[in-house]
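First up is the structure itself, then whatever we jot down about it.
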Amino acid sequence: MPIPYFLLGLTAGQFCLFENIKTKLLIILASASGLISIACWIILSKTYVYPSYKLAGYTLKDQDLTNYTQQLDFYNHLIVITSPFIALFYVSVLLLIVKTRLFGNVLAPLSFYGRMALTNYIGQTLLIWVSLLIFSKHHINITDTLFICIIIYVLQLIASTIWLKFFKYGPLEYIWRLGTYMKRFNNKTPKTQTD
């Protein structure tokens, strides 16, 4: 699912849909998707299944394990069905927040992270993989993974901001453009001259 979402976001960015969208339309989208998202969250909470076959295998009998795996499969299908509505709610609310002056200035650094979305997505996957290799001998709980993800996100936000001071596009975005347009172009940011 992340690849279609990534391509959809890239397409929306190419056509400047986020910059040109009207506030009234955003309010309608946020309201409608918010109501649908509430229904989705209720359905997901009612059908929630603890996501561990290994744990279930130790505690359940064969028939119960079969029922458990069917319920988990059903829950995973529900996540795929409901996630576009929930994602639309998050995006529309974030766009509404960014349109306000106060939050727009506070959240402005996120634009650097977004401009390097492909690089950050692949980089995040690699950094999480490396982190798991480093900490594989230690027990990692959910709180540990939260802190690892926050640290990786902050590092990528800083790296994206620094990178885009010198270059127009992230490394993988540049490669993507080379493949798309089949020609080389200058990736360096022009230096501004001061009087």
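Test Lys165 against the criterion of being loosely packed, with under 10 Cβ neighbours inside 10 Å and touching a Ser or Thr at 6+ places or on another chain (Cβ under 9 Å), and give yes or no. It is true that Lys165 is loosely packed, with under 10 Cβ neighbours inside 10 Å and touching a Ser or Thr at 6+ places or on another chain (Cβ under 9 Å).
Name the residue, out of Ile128, Ile36, Ile79, that is among the β-branched types (Val, Ile, Thr), at pLDDT 90 or above and surrounded by 12 or more Cβ atoms within 10 Å (Cβ to Cβ).
On the way: Ile128 fails: at pLDDT 90 or above; Ile79 fails: at pLDDT 90 or above.
Exactly one of Ile128, Ile36, Ile79 is among the β-branched types (Val, Ile, Thr), at pLDDT 90 or above and surrounded by 12 or more Cβ atoms within 10 Å (Cβ to Cβ), namely Ile36.
Just to be sure I understand the filter: pairs with C-beta atoms under 9 Å, separated by 6 or more residues or on different chains, first member in the range 1-30 and in contact (Cβ under 8 Å) with a residue 12 or more places away in the chain, second member polar (S, T, N, Q). Which pairs pass? Short answer, once both residue conditions are applied: Met1/Ser83; Tyr5/Ser83; Ile21/Ser92; Leu26/Ser92; Ile27/Ser92; Leu29/Ser92; Ala30/Ser92. Listed by position, the helices (runs of 4 or more DSSP H) inside the range 65-167 whose residues that are without any contact (Cβ under 8 Å) to a residue 12 or more places away in the chain number at least 3 are 101-106, 117-134, 142-166.
Does Leu118 satisfy the condition of being at pLDDT 85 or above, more than 30 Å from Cys16 (Cβ to Cβ) and under 20 Å from the mean Cα position of the chain (by Cα)?
Values: at pLDDT 85 or above: yes; more than 30 Å from Cys16 (Cβ to Cβ): no; under 20 Å from the mean Cα position of the chain (by Cα): yes.
The answer is no for Leu118.
The number of residues in the range 168-188 being in contact with a Ser or Thr (Cβ under 7 Å, 6 or more places away or on another chain), in a helix (DSSP H, G or I) and either within 15 Å of Ser111 (Cα to Cα) or of a type in the set (Lys, Arg) (or both) comes to 1. Here Leu88 fits the description: surrounded by 12 or more Cβ atoms within 10 Å (Cβ to Cβ) and within 15 Å of the chain's Cα centre (by Cα).
The values are calculated or read from the model by the stated rules, or taken from the named source; none is laboratory data. Nothing here was measured: the structure is a model prediction, and the numbers come from that model. FYI the Cβ positions are ideal-geometry reconstructions off the backbone, even for glycines, and counts take in every protein chain you see.
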